[in-house]
């Protein structure tokens, strides 16, 4: 967008601009990285982080110093793995051992990979992968073990998927397969990060016992991307929407994009979103287990973006025609809301759940299921942050006041006293000014006694001749004074 | 204790169900006869068995007025009357609920009953329609508290709350009592909820949304309520952990009142052609006007101040206590509940549902 078009856009959307400014001006990173003392390899890692990720690099750099490098290295390792998997120019025979053995390269000093085709966008990361390996080896052994384990699982998962894709049909059949695919590409990241957080003492260890929670964190994000990118993936001949869902609405996957199937496509879209919304409760539950602000921000921002994206995509036919995104202003507002505390984040989630609910229509075969899901999200939020408490209701019945009400009443009383005081003060000032003026008039010879007498006898107006005389006299004195002036 | 052992215990018991020919009562009789076929069931009601509320074979029925001297066997289940009622009926309702419940309690104790279950309603808590009740639980005060503290406003379900308190206070080592508080009900034999909502189609009332349309409600399928009664009986004749306790019973799937209506209309093939949102305050005023008109003309209308408040109220409860103590889970989910209710109602009025 050029400057002029930007200027026009923000003039027409001042709230968007306000959100962007609010984020830029008011956001205080919980931890700020000091790049001065970075070693050469650390600098290289952060450079690649900026190059490979637009959305994640900012939040990673604000992470607690203890986790800053481990998470950065973790991200780069997975990105490296992804770059090998994505490259269709590498044949399966070469690719499979690379993916399965990637975990071992992490321990080979100076390992790098130059076999990617030139147009692969993150090729340079693998060409200079020795920097990542150096930093990997500088980390605490516990962190190394976690990253290695996840790399192992993900590498094998990707290799299995590549073999399957080469064999016959790579498209996702059942919902179970869909969940498994999402688990490999995103759920495992959730697991690795959770283990890092817990190892660093920045998250509740219970999060590891309930593996469903961190799985859901990854799945919700991944499913959001899959739903949003349907058109882009279709154009690239990739299909992630499970057949189990789309076949309920259309006979062939391509039919989703035919204009005559608009309603069917929308119903399919809402069933996909319904499937993703089932993870929301787990995500909020997970976020409640994070102890440290920067870790909370790191996890909460993508989740808030995801629910907002879900709302944007819900019953929006545009997703079948082009790639849609939330606006920058909305993204900034979401970042402001998701970098404070869980309660504010929950309000954001409730707000989007209600928006989704509002767009829901009985024409949709999943109307009731979506409605129930939105209700479930709202009930869950109400359970963690009750809007009313039983104890307060008990007090109300007895005619007593809750602490909050008592405080409010006290404040009201204080405000009232303030207002009375101000009124008294103003009254006193008015009386003083009026008194002074009358005193001055008396001193100059005003006959209040005569005025009083006239008033008490009922003459509220001056007699006509007196009034005329007074007017003439005033005019004469005025002209006299003018003459004197001259 | 396993299911077999409980069944054996119940095989030797006699169960008396008062109001057993009604909506909840007959569902409870059917559920009990199915789960514990060896258990001896007796039904007492003011009305004889009705065709719309089928009872299983081999159930002995007696026509009894509980407000007179009741005849009570060894264990009792007493569904109360949880319906909205006109002001004229208030005295009568008070008599049935409070006097009737006291009579039943006295008779049950006299005859050495082991257990006594009272069917209350969630309205004993959600009575003050001006408040909203989001995710309430059993710690919330009932309107019997309101009576005790001398509230002067109208308390439509004060008598039920009073009756419930009578029952819960009567719980002792000899006779364990508990109370179940179902939410709004639907299901086969429902003559109030689904028919009233369905009637809106013919009256062209479906496009109007009163309030925000975002207020959540609990609705419960009647057979889930019946299940909860059986679970309560089983509890009170075995571990008795439910003695003296009240439980909210619902489907635990709150949905908005608007969506509940839309889903019913959709089953009958109707989708509102457009939607108009009416602010609650305006609707309340309209309700008042309608009430005046009906008072003058003596007709009936869908709209009243009460129905506006009802449509805008947030009322759903937390189901944890019933789950933990009684082991209650809704067997019929709300989606099926709505479908079954619509199918049964369509059959009853002779309408073919679109597929």
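A short reminder: the numbers here are calculations on the coordinates, not readings from a lab. In this text the structure is predicted, and so the values were computed from the model without any measurement. Backbone-built Cβ (ideal geometry, glycine too); neighbour counts: all protein chains shown.
Any chance you could check the Cα centroid distance between the range A:201-242 and the range A:311-369 for me, in angstrom? Here the two parts' Cα centres lie 16 Å apart.
Within 10 Å, count the other beta carbons around each residue, average over each peptide in B:228-237, B:105-114, and list them highest first.
B:228-237, B:105-114
Here the scattering of the range B:196-311 is modelled by Debye summation over its C-alpha atoms, one equal scatterer each and no solvent; at q = 0.13, 0.17 Å⁻¹ the log10 of I(q)/I(0) is -0.68, -0.91.
Shape call for the range A:83-230 from the C-alpha gyration tensor, a ≥ b ≥ c root eigenvalues: rounded (a/c under 1.5), prolate (a/b greater than b/c) or oblate?
Numbers: a/c = 1.99, a/b = 1.05, b/c = 1.89.
It is oblate, given that a/c is not under 1.5 and a/b is not larger than b/c.
Classify the range B:177-229 from the C-alpha gyration tensor, please: rounded if a/c falls under 1.5, else prolate or oblate depending on whether a/b exceeds b/c. Oblate, because a/c is 1.5 or more while a/b does not exceed b/c.
Kindly identify the range A:1-110 as rounded, prolate or oblate by the Cα gyration tensor criterion: order the square roots of the eigenvalues as a ≥ b ≥ c, call it rounded if a/c is under 1.5, otherwise compare a/b with b/c, prolate if a/b is larger, else oblate. Walk me through the numbers before you get to the answer.
Details: a/c = 3.31, a/b = 1.65, b/c = 2.00.
Oblate is the answer for the range A:1-110, as a/c is 1.5 or above yet b/c matches or exceeds a/b.
Report, as an integer, the average count of C-beta atoms from other chains found within 10 Å of each Cβ along B:208-219. Please report the intermediate quantities before stating the final value.
On the way: counts 0, 0, 0, 0, 2, 3, 8, 0, 7, 1, 2, 0.
Rounded to a whole number, the mean comes out at 2.
Within the range A:16-384, all pairs of alpha-carbon atoms sorted by distance into 20 Å bins from zero give the percentages 28, 59, 13, 0. Compute the separation of the alpha-carbon centres of the range B:103-118 and the range B:188-223 and state it in Å as a whole number. Computed from Cα coordinates, the inter-centre distance equals 37 Å.
Dividing the convex hull volume of the alpha carbon atoms of the range A:113-195 by its residue count gives 116 Å³ per residue.
The spread of Cα positions in the range A:167-241, taken along each principal axis and listed from longest to shortest, comes to 44, 22, 18 Å.
Partner shielding of A:359-370 amounts to 4, given as the average count of beta-carbon atoms from other chains within 10 Å of each residue beta-carbon.
Give me the percent relative contact order of chain A, please, defined on Cα pairs under 8 angstrom at least 6 residues apart.
Numbers: 472 pairs, mean separation 62.5, N = 486.
So the answer I get is 13 percent.
Write down the percent of antiparallel bridges among all DSSP beta bridges whose residues are both part of the protein assembly as shown, to the nearest 5. Rounded to the nearest five, the antiparallel share is 10 percent. The base-10 log of I(q)/I(0) for the protein assembly as shown, evaluated at q = 0.06, 0.08, 0.09, 0.10 Å⁻¹, reads -0.58, -0.88, -1.02, -1.16 [Debye formula, identical scatterers on Cα atoms, solvent excluded].
Taking the centroid of alpha carbons for each part, the range A:280-307 and the range A:81-133 are 31 Å apart.
Other chains' Cβ within 10 Å of B:191-200 residues: what's the mean? Walk me through the numbers before you get to the answer.
Working: counts 0, 0, 0, 0, 0, 0, 0, 0, 0, 0.
So the per-residue partner count for this stretch is 0.
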